[in-house]
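Chemist: I'd like to ask some things about the structure below.
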Amino acid sequence: MDRCYQPEIETMPVEEIKKLQSERLVKQVAHVFANVPYYRHLMEEKGLTPADIHGVEDLHKLPFTCKQDLRDTYPYGLFAVPMDDVVRLHASSGTTGKQIVVGYTQHDLDIWDEIAARQLVAVGGSKHDMVHVSYGYGLFTGGFGLHGGAQRLGATAIPVSSGNTKRQITILRDFGSTILCCTPSYAAFIGETLHDMGLGPEDISLKAGIFGAEAWTEEMRRDIEAKLGIKAYDVYGLTEIMGPCVSYECSAQTGMHVNEDHFIVEVIDPDTGKVLPEGERGELVFTCITKEAFPLLRYRTRDIGIISRKPCPCGRTFIKMSKPMGRTDDMLIIRGVNVFPSQIEGVLMERGYSSNYQIVVNRVNNTDTLDVYVEILPDQFSDTVRGVSAAEHELEEALKSLLGIVAIVHLVAPKSIERSTGKAVRVIDKRKLHD
């Protein structure tokens, strides 16, 4: 069994978790109804008042919230406390539209620190660790989330932020960093740069990594673990709900435990909104039951996943959610076929290719095209054009077998695809430029 940061909560009997969630949900709905006119209007449209919500069994009655609601109320329309009580603001990147602004009271920040500390302990962390935070700081929630958790735990937080990778490695070596926190694509890049500098895992002190903010596969996990000599753990969060550590991975690494004392998770059919039973794949929906400043109800994440209450060998009783299996808004529809970038990554990495790849979708003569650019690792270089062509053909066949459509594979030189210190740009959909 794992050590827990708050064992009395993290191993609480399921019946007690449900009772706590019900009490907090009832209180939260009353708070939102009284203080957020937008939510009050949504509930009244459905003929609901707080008196209709008695516990988690009534959650399905509440209206959904989606990203468009947050844009429509930009910047402070969904805040449930006066701005005088808001001690910090964060925001999403705004890459897909108007950015999302969220606020936190001091109590909200205390909860965030607490759940991040749970994640750190779950990966073997303690007050003796040096937590190297290479998530971005600023309006992005990543850096501050793990930073606060490290301080709450009594560990040493190293606020490196992202970028300047050779300097990152100098700090890793000189400061004795033991836990690395960043996006998985940046962790892979750090490992690659370490190798280019003539160094290896034995030259750094890392033992674990906490990687999130973008989708990544089990193959990529193994690649990072080999490059950095660590155990790589998944973390899940989103700006709208809290930031990183809404759910966290334990030693079992078979999904992430949702912090159920603060969030209720559901899985719904993304087309109908119907709540699906445990074990079925659908869209993840979260309700905040303790947040004061920005308490979203039934927020549709667009992430596809599965939840399970099967007993975990770590001893925690919180429900687990799978690693996100794609997003309803990231899913590519190519010639009528649903394609997720993670499917393509799995095929590449199963066959020993680099995690540096890019998917380009275009429309030529009214027909969708799919091109996959993959970097060849130095030891995969073939002396002949025929050898490269054969390798490309093998990958094309594997992708066709999985996806059911033709993808044209281009094996390109090492380091020819631009690196990112944050979220990697995996997909370029040129069809949007033509529509």
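Chemist: Report the calculated FRET efficiency for ALA34 and HIS54 (r = Cβ-Cβ distance, R0 = 25 Å), to the nearest 0.05.
Modeler: 0.90
Chemist: Starting from 0.36 nm per residue, how many nanometres of slack lie between VAL364 and THR384 once their C-alpha separation is accounted for?
Modeler: The VAL364-THR384 span can extend by a further 4.2 nm.
Chemist: What's the exposure ranking of ASP330, ASP58, going from fewest to most Cβ atoms within 10 Å? List each step's numbers first, then the result.
Modeler: Details: ASP330 18, ASP58 15.
By the 10 Å Cβ count, ascending: ASP58, ASP330.
Chemist: Sticking with the crude label model, points 7 Å out along Cα→Cβ, report the distance from LYS166 to HIS41 in nm, one decimal please.
Modeler: Roughly 5.5 nm, to one decimal.
Chemist: FRET efficiency for GLN106 and SER401, Cβ-Cβ distance as r, R0 = 56 Å, nearest 0.05? List each step's numbers first, then the result.
Modeler: On the way: r = 54 Å, r/R0 = 0.96.
Efficiency at R0 = 56 Å is approximately 0.55.
Chemist: Here's a follow-up. Once the principal axes of the Cα atoms of region 1-141 are found, what is the range along each, listed largest first in whole angstroms?
Modeler: The Cα atoms of region 1-141 stretch 52, 40, 29 Å along their principal axes.
Chemist: Now for a different question. Given axes a ≥ b ≥ c from the Cα gyration tensor, I'd like to know whether region 1-330 is rounded (a/c under 1.5), prolate (a/b larger than b/c) or oblate.
Modeler: Taking the square roots of the gyration eigenvalues as a ≥ b ≥ c, region 1-330 is prolate.
Chemist: So for the pair THR272, GLN253, with labels modelled 7 Å out along Cα→Cβ, what separation do we get in nm?
Modeler: 3.8 nm
Chemist: Sort the following peptides by mean Cβ neighbour count (other Cβ atoms within 10 Å, averaged over residues), highest first: 5-13, 206-214.
Modeler: The peptides rank, most packed first, as 206-214, 5-13.
Chemist: Okay, which of region 301-338 sit inside 20 Å, backbone N to the point 7 Å along the Cα-Cβ direction of SER126?
Modeler: The answer is 314-316, whose backbone nitrogens lie closer than 20 Å to the label point.
Chemist: Fewest to most neighbouring Cβ within 10 Å: what's the order for GLU418, GLU283?
Modeler: On the way: GLU418 9, GLU283 21.
Ascending Cβ contact count within 10 Å gives the list GLU418, GLU283.
Chemist: Same structure again: Looking at ALA293, ILE53, TYR373, which one has the Cα that reaches farthest to the positive end of the dipole of the chain (charges on Cβ: Lys, Arg +1; Asp, Glu -1)?
Modeler: Value: ALA293.
Chemist: Between helix 165-175 and the chain, what is the angle of the helix's C-alpha long axis to the longest principal axis, kept within 0 to 90° and rounded to the nearest 10?
Modeler: 70 degrees
Chemist: Please name which of ILE307, MET242, LEU25 has its Cα lying farthest along the dipole of the chain towards the positive end, using unit charges on Cβ (Lys, Arg +1; Asp, Glu -1) and the Cα centre as origin.
Modeler: MET242
Chemist: Using the crude model of +1 on Lys and Arg Cβ and -1 on Asp and Glu Cβ, and no other charge, please compute the dipole size for region 1-330 relative to its Cα centre, in debye to 20.
Modeler: With only Lys, Arg, Asp and Glu charged at Cβ, the dipole is about 280 debye.
Chemist: Quick one: Karplus J couplings for region 27-32, per residue in order, coefficients 6.51, -1.76, 1.60, θ = phi - 60°, nearest Hz, x for Gly and Pro?
Modeler: 5, 5, 4, 5, 4, 5
Chemist: Test of understanding: extend the Cα→C-beta vector of GLN68 to 7 Å, then name every residue of region 296-318 with backbone N under 16 Å from that spot.
Modeler: So the set is 299-302.
Chemist: Just MET325, MET220, MET43 to compare: in a GNM of the chain, with alpha carbon springs under 10 Å, which one fluctuates most?
Modeler: Top of the fluctuation ranking is MET43.
Chemist: Quickly work out the LEU199-to-ARG351 label distance, labels modelled 7 Å from Cα along the C-beta direction, and quote it in nm with one decimal.
Modeler: With each label placed 7 Å out from Cα toward Cβ, I get 3.4 nm.
Chemist: Give the cross-link partners of LYS127 among the lysines, using a straight C-alpha distance below 18 Å as the criterion and excluding same-chain residues fewer than 8 apart.
Modeler: LYS207
Chemist: Please list, or write none, the lysines whose alpha carbon is within less than 16 Å of the alpha carbon of LYS291, excluding same-chain residues fewer than 8 places away.
Modeler: Here the lysines satisfying the reach criterion relative to LYS291 are LYS27.
FYI, it's all coordinate maths here, none of it is from the lab. Since this is a predicted model, take the numbers as computed values, not measurements. Neighbour counts run over all protein chains shown; Cβ positions are idealised from the backbone, glycine included.
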